[in-house]
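Working notes, structure below.
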Amino acid sequence: MEIQNIFVVGAGLMGSGIAQTALQSGYTVTLNDQREEALDRAKAGINNRLERLVEKGKMTEEEKADCMSRLTTDTRLNAAAKADLVIEAIFEELSAKREIFQSLDAICPASTIFASNTSSISLTALGAATNRPEKVVGMHFFSPVPVMRLLEIVFGLRTSQEVLDAVKEVGKKMGKWLILAKDKPGFIVNRALLPMLNEAVQILDEGVGTVEDVDNGMKLGCNHPMGPLELADMIGLDILLEVMQVFYEDLGDTKYRPAHLLRKMVTAHYLGRKTGSGFYLYENGKKLAVNPVLTREHSLFDQQ
Ligand SMILES: NC(=O)c1ccc[n+]([C@@H]2O[C@H](COP(=O)([O-])OP(=O)(O)OC[C@H]3O[C@@H](n4cnc5c(N)ncnc54)[C@H](O)[C@@H]3O)[C@@H](O)[C@H]2O)c1
């Protein structure tokens, strides 16, 4: 089936990046969010990022105008009535995603494919919330979507080959490198990556090395572009904790148990970049120094 109209639900970090990439790939896009201000911010962000491409000579003014002319924003889900493909990118919460898919099931034609950008929720469970489980699929993009080349396509137990073929075409048209994953917690990338980040926190907690040595070790010894602790700060320590908890419960192996220090950091509201402090301190998005609570030596005053 040919995809032309894409309906993106959720205009946050991922949804706006997906919408921009779809526009740049020639699709007609309706971007939906329950909050008008999120739509305004997303549209302005897309416009600014495309403007920067024009300034750098990577896009012409006409191409930019053409992209923006194919973008519509709408707070109503009813606007999905003509969508060939829905890509959902709202909060990572099963009940909220199920609710969206149930509502869209009643609005969209039977041919519409429902994709979710979920990082951890079961596509089989999302499919079961609809009357079209064979049309439900995972399209797991990476942040920032216009820059990161990977698209992880995830198939639920009932996802059809026809649907996989259709989203594969979309991914290719978007210029992404595709990998295919079964519906199991973390799919391929997060299943491999997040336990490594959790282990780095465990290594720090055991005092094997300092924050900087753990990060430099993986950067300079393994050629990783970012250290695991700074990457954990970027992802959000609360998100890392949540996903590790899902791995631990669903996969049932103690190797996935969230590091004790990770739990403490989240309890103390050190959530990473978004709160200005995690393993490092940040100001205006710039990394300043190691969080001093992690290097502090404690002692009792001399009682003599
Ligand atoms: N942030 C990442 O690096 C990343 C990477 C890959 C996948 N994901 C996944 O992408 C999804 C979105 O993540 P994000 O970081 O863009 O989140 P975000 O918080 O930036 O954006 C979520 C948006 O969804 C909107 N929303 C919430 N409920 C809605 C509803 N019922 N109807 C319409 N809009 C609604 C919110 O108003 C918000 O604008 C999540 O499933 C997440 O796991 C995130």
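Listed here are the residues, each with its yes/no results for (1) acidic (Asp, Glu); (2) at pLDDT below 95; (3) over 16 Å from GLY17 (Cβ atoms).
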{"residue": "ARG52", "(1), (2), (3)": "no, no, no"}
{"residue": "LEU71", "(1), (2), (3)": "no, no, no"}
{"residue": "ASP74", "(1), (2), (3)": "yes, no, yes"}
{"residue": "ALA80", "(1), (2), (3)": "no, no, yes"}
{"residue": "ALA83", "(1), (2), (3)": "no, no, yes"}
{"residue": "ILE87", "(1), (2), (3)": "no, no, no"}
{"residue": "ARG98", "(1), (2), (3)": "no, no, yes"}
{"residue": "SER111", "(1), (2), (3)": "no, no, yes"}
{"residue": "SER119", "(1), (2), (3)": "no, yes, no"}
Kindly indicate which of PHE101, PHE155 is surrounded by 14 or more Cβ atoms within 10 Å (Cβ to Cβ), within 13 Å of the ligand (Cβ to nearest atom) and under 21 Å from the mean Cα position of the chain (by Cα).
PHE101
Among ALA200, ALA166, the single one that is out of contact with any Cys (no Cβ under 8 Å at 6 or more places or on another chain) and closer than 21 Å to THR124 by Cβ is ALA166
Pairs needed: first member in the range 110-132, in contact (Cβ under 8 Å) with a residue 40 or more places away in the chain and assigned to a loop (DSSP other than H, G, I, E, B); second member anywhere, within 14 Å of the ligand (Cβ to nearest atom) and among the aromatic types (Phe, Trp, Tyr); C-beta distance under 7 Å; at least 6 residues apart or different chains.
ASN117/PHE141
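Results for (1) within 11 Å of the ligand (Cβ to nearest atom); (2) closer than 20 Å to PHE142 by Cα, shown as yes or no for each residue.
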position	(1), (2)
ILE3	no, no
GLY10	yes, yes
GLY15	yes, yes
LEU23	no, yes
LEU31	yes, yes
ARG35	yes, no
LEU39	yes, no
GLU62	no, no
LEU71	no, no
State all residues of the range 118-141 that are within 14 Å of the ligand (Cβ to nearest atom) and either of a type in the set (S, T, N, Q) or more than 19 Å from LEU85 (Cβ to Cβ) (or both); if no residue qualifies, say none.
THR118, SER119, SER120, SER122, ALA125
With criteria (1) without any contact (Cβ under 8 Å) to a residue 40 or more places away in the chain; (2) buried (at least 18 other Cβ atoms within 10 Å of the Cβ); (3) part of a loop (DSSP other than H, G, I, E, B), HIS298 comes up short on (2)
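The values are calculated or read from the model by the stated rules, or taken from the named source; none is laboratory data. Everything numeric in this text was worked out from a predicted model, so none of it was measured. Heads up, the Cβs are rebuilt from the backbone with ideal geometry, glycines too, and the neighbour counts pull from every protein chain shown.
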